[in-house]
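Data first, discussion second: the structure below is written as structure tokens.
The values are calculated or read from the model by the stated rules, or taken from the named source; none is laboratory data. In this text, all values refer to a predicted model and were calculated from it rather than measured experimentally. Using ideal geometry, Cβ is built from the backbone for each residue, glycine included, and neighbour counts are taken over all protein chains shown.
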Amino acid sequence: MDIRTKLVLALVLVALSSMALLGAFAYQTTAQMLQQISVRQLNALAESRKDDIQNVYEGWQDKVSLVRSRTQLRLNLVRYNERGDVEAVAGIRRILDDALTSVDVFERIALFDRRGEEVVRVGESSVEQSFRIPDGDAVEFVGSFPMADGAVHIVLRSALTLDDTIIGGVEVVLSTADLRSVVSDYTGLGETGEVLIVMQEDSEWVRVLHPLRHQKVDHKRIPANEVSAGVRAALTAAGPGALSDGNFRFDDYRGEVVWGASRFLDGLEWGLVVKMDEAEEEQLAHELRGSMIDLSLALSAFAVVGGTILGFWLARPVLRLREIVEQVREGDVEVRADATGDDEIAYLAGALNDFLDEYRGTGGDATDDGAKVADAADPSAEDKART
């Protein structure tokens, strides 16, 4: 293998190796950056959905506050407390019926006297809880209760006051229909993203409070020992909240690998999970890898052509010296090498010219002198003579 081929191969190999290393580093760095962006996006979406759920909950509290704030309701309850007035009970029922039909999420409304005994109940719900008049003026969250039909009902309570005196209490049972507007909004979640609101039904079951995007099943129940890492983190109040500390990747209920972020909803005792399929999240990285492969192939072709041209150009002075040595061996001691330049090849050419001038000055036979010079200039000639 001559020096020209060696130079070409060396240049091409160095160029291709450099591009391969640079491409691998660039791809890994970019893929990690895209991953970090995706995790931040999921965390932002989780925080946004958490705020939306809190707004829904506050809306429920406001609806209960409107019911308890009705003056006629409180006056009728006072009359009932004082005299057991039957007309007062009828007035209370009319007001509660009106509230029940006016608010879609109300399933049942019950009014209690100051002793905590039920006075009027309108609507239907299988939730049965012993009533206690709450302290203070806040609307109290009692709990979330799974129904036999798979639905989940929310119970809120509040005290009724008149002139800063507690005269009774109200209990409202609501459905979770308002949550569907939160979980059915897939903005920023692509084709596979999903929002899960979950609750710990009991020690053995975890319940999803809404229909699932990928399985048309309402209020799915999942065995507690089969829930994903994302759901477990969401139901843990003391957990990190967001699954971003190296634990944002887990298998969901479909067995698909997903990236997610979770939040625990204080007060409601619910968990929130926002997730997307890993395959969709990595799609941009895969597209980037394809583009980098195409670019690498184009640059490799350029490196081969450029390396070949550069190798031929760099090898020209060395090949010219070889030609001069061959001419001297054939007896032409008049030939001279091009010694222009300041590199090692120019220095070697100058030394060869001086060597030829010295032998030419001896006046010997041109052929013999040429052979001696060629032998001196070509160390391999001695090996050939020995052979």
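What is the residue count in the stretch 109-143 for residues that are more than 46 Å from the chain's Cα centre (by Cα), of a type in the set (Gly, Ala, Ser) and assigned to a loop (DSSP other than H, G, I, E, B)?
Residues meeting the conditions: 1.
Could you tell me which of the residues Ser262, Ser296, Ser300, Ser291 is of a type in the set (Ser, Thr, Tyr) and either modelled with pLDDT of 85 or more or closer than 30 Å to Ser48 by Cα (or both)?
Checking each option against the conditions leaves just Ser262.
Being modelled with pLDDT under 80, in a helix (DSSP H, G or I), of a type outside the set (Phe, Trp, Tyr) and over 60 Å from the mean Cα position of the chain (by Cα) narrows it down to one residue among Gly370, Gly350; which is it?
Gly370
Within the stretch 291-308, is there a residue that is touching a residue at least 60 places away in the same chain (Cβ under 8 Å) and touching a Phe, Trp or Tyr at 6+ places or on another chain (Cβ under 7 Å)?
Within the stretch 291-308, one or more residues are touching a residue at least 60 places away in the same chain (Cβ under 8 Å) and touching a Phe, Trp or Tyr at 6+ places or on another chain (Cβ under 7 Å).
When the stretch 94-108 is examined, which residues are found to be basic (Lys, Arg) and either without any contact (Cβ under 8 Å) to a residue 24 or more places away in the chain or surrounded by fewer than 17 Cβ atoms within 10 Å (Cβ to Cβ) (or both)?
Arg94
I want to confirm something. Restricting to the stretch 233-251 and keeping residues that are among the charged types (D, E, K, R) and at pLDDT below 85, which single residue is nearest to the chain's Cα centre (by Cα)?
Filtering first and then ranking leaves Arg249.
Residues of the stretch 127-156 being touching a His at 6+ places or on another chain (Cβ under 9 Å) and either within 19 Å of Val64 (Cα to Cα) or surrounded by 16 or more Cβ atoms within 10 Å (Cβ to Cβ) (or both), which ones?
The answer is Val127, Ser144, Phe145, Pro146, Ala151, Val152.
Just to be sure, is Ile324 part of a helix (DSSP H, G or I) and within 20 Å of Ala10 (Cα to Cα)? Spell out how you get there, then give the answer.
Numbers: part of a helix (DSSP H, G or I): yes; within 20 Å of Ala10 (Cα to Cα): no.
It is false that Ile324 is part of a helix (DSSP H, G or I) and within 20 Å of Ala10 (Cα to Cα).
Output the number of residues of the stretch 25-43 satisfying the condition of being more than 29 Å from Asp185 (Cα to Cα) and loosely packed, with under 12 Cβ neighbours inside 10 Å.
Within the stretch 25-43, residues that are more than 29 Å from Asp185 (Cα to Cα) and loosely packed, with under 12 Cβ neighbours inside 10 Å number 3.
To keep it simple, each residue is scored yes or no on (1) loosely packed, with under 13 Cβ neighbours inside 10 Å; (2) in contact (Cβ under 8 Å) with a residue 40 or more places away in the chain; (3) of a type in the set (Asp, Glu); (4) farther than 22 Å from Arg108 by Cβ.
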residue: Val170; (1), (2), (3), (4): no, yes, no, no
residue: Ser184; (1), (2), (3), (4): yes, no, no, yes
residue: Gly193; (1), (2), (3), (4): no, yes, no, yes
residue: Leu196; (1), (2), (3), (4): no, yes, no, yes
residue: Pro211; (1), (2), (3), (4): no, no, no, yes
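Take Glu287 and tell me if it is acidic (Asp, Glu), closer than 30 Å to Phe248 by Cβ and without any contact (Cβ under 8 Å) to a residue 24 or more places away in the chain.
yes
Go through the stretch 148-167 residue by residue and tally those that are over 22 Å from Glu124 (Cβ atoms) and either in a strand (DSSP E or B) or touching a residue at least 24 places away in the same chain (Cβ under 8 Å) (or both).
So the answer is 7.
Can you tell me how many residues in the stretch 266-287 are outside any helix (DSSP H, G or I) and either touching a Leu at 6+ places or on another chain (Cβ under 6 Å) or within 19 Å of Gly188 (Cα to Cα) (or both)?
Summing the residues that are outside any helix (DSSP H, G or I) and either touching a Leu at 6+ places or on another chain (Cβ under 6 Å) or within 19 Å of Gly188 (Cα to Cα) (or both) in the stretch 266-287 gives 8.
Among the residues of the stretch 332-344, are any part of a helix (DSSP H, G or I), surrounded by 16 or more Cβ atoms within 10 Å (Cβ to Cβ), at pLDDT 75 or above and not aromatic (Phe, Trp, Tyr)?
no
Taking interchain pairs and intrachain pairs at least six residues apart, which have beta carbon atoms under 8 angstrom, with the first residue in the stretch 213-227 and among the acidic types (Asp, Glu) and the second at pLDDT 80 or above and surrounded by 11 or more Cβ atoms within 10 Å (Cβ to Cβ)?
Short answer, once both residue conditions are applied: Asp218/Ala151; Asp218/His210; Asp218/Pro211.
Got a sec? Which of Asn76, Asn55, Asn81 is surrounded by fewer than 16 Cβ atoms within 10 Å (Cβ to Cβ) and of a type outside the set (Ser, Thr, Tyr)? Before you say what the answer is, go through the steps one by one.
Values: Asn76 fails: surrounded by fewer than 16 Cβ atoms within 10 Å (Cβ to Cβ); Asn81 fails: surrounded by fewer than 16 Cβ atoms within 10 Å (Cβ to Cβ).
Matching residue, one of Asn76, Asn55, Asn81: Asn55.
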